[in-house]
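Undergrad: Starting off with a structure, shown below.
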Amino acid sequence: MTSGTFQSLPVPTTALDGRISAVVLDPDGSPVDVVKNGAAIKVQTEWHLTGFLVPLIAGAWSVHVSVDEIGGTHDFTTPPQLLQHTGADGYSQQTTLTDLKPGSTYALIASLGYRTPAGGSAALGGYVNIGTVNVLP
């Protein structure tokens, strides 16, 4: 898993902090950076919170993956997947990518955002530069 950057609310880290990581998985669930043409891959994003404010968070998390074809124009961002905050300190979300072109290399970034109970965004979340994935012809 690749670690990323997590931004917390402007409070002491003892009150609220977090970490985020992500990995690309092949159809069998093994980490991979080279995939067969036509194979669906999954990006598994995990994040963990620490601090005494964690049980007070009541909104939802939003995860999406940005996909950039290196040297090409087949770039896209997956639709955000919402996951309700349950008061737990650890979360995991899988995003399936099925539309990767054979013979291409892609740079992947997983992004995590937070929505308040009223639907607004808050300065809480992060991102992971996962690296590249090569799709065999």
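Undergrad: Report the gain in length on full extension from Thr98 to Ala118: 0.36 nm times residue separation, minus Cα-Cα distance, nm rounded to one decimal. Working shown, then result.
TA: Values: separation 20, 0.36 × 20 = 7.20 nm, distance 3.31 nm.
Gain on stretching Thr98 to Ala118: 3.9 nm.
Undergrad: Each residue of the range 83-98 in order: what ³J(HN,Hα) in whole Hz does its phi give by Karplus 6.51 cos²θ - 1.76 cosθ + 1.60, θ = phi - 60°, with x for Gly and Pro?
TA: Whole-Hz 3J(HN,Hα) from phi for the range 83-98: 9, 5, 6, 10, x, 6, 9, x, 9, 9, 9, 10, 10, 8, 10, 10.
Undergrad: What list of ³J(HN,Hα) values in whole Hz, one per residue of the range 101-115 in order, does the Karplus curve 6.51 cos²θ - 1.76 cosθ + 1.60 (θ = phi - 60°) give from phi, with Gly and Pro shown as x?
TA: Listing the rounded values in order: 7, x, x, 10, 10, 10, 9, 10, 10, 9, 10, 10, x, 10, 10 Hz.
Undergrad: Continuing with this model, one more query. List, in order, the whole-Hz ³J(HN,Hα) value for each residue of the range 64-73 obtained from phi through the Karplus relation with A = 6.51, B = -1.76, C = 1.60 and θ = phi - 60°; use x for Gly and Pro.
TA: 9, 10, 9, 10, 10, 6, 6, x, x, 10
Undergrad: With a 10 Å radius around each residue's Cβ, average the other Cβ atoms per peptide and rank 9-15, 76-82, highest first.
TA: 76-82, 9-15
Undergrad: Another one. What Kirkwood hydrodynamic radius, in Å, does the range 53-137 give when the mean of 1/r is taken over all pairs of distinct Cα atoms and then inverted? Working shown, then result.
TA: Numbers: mean 1/r = 0.0699 Å⁻¹.
Roughly 14.3 Å, rounded to one decimal.
Just so you know, all these numbers are worked out from the coordinates, no wet-lab data involved. Everything numeric here is computed off the predicted structure, so don't read it as measured data. A quick note on method: Cβ atoms are made from the backbone with ideal geometry, for glycine too, and the neighbour counts reach across all protein chains shown.
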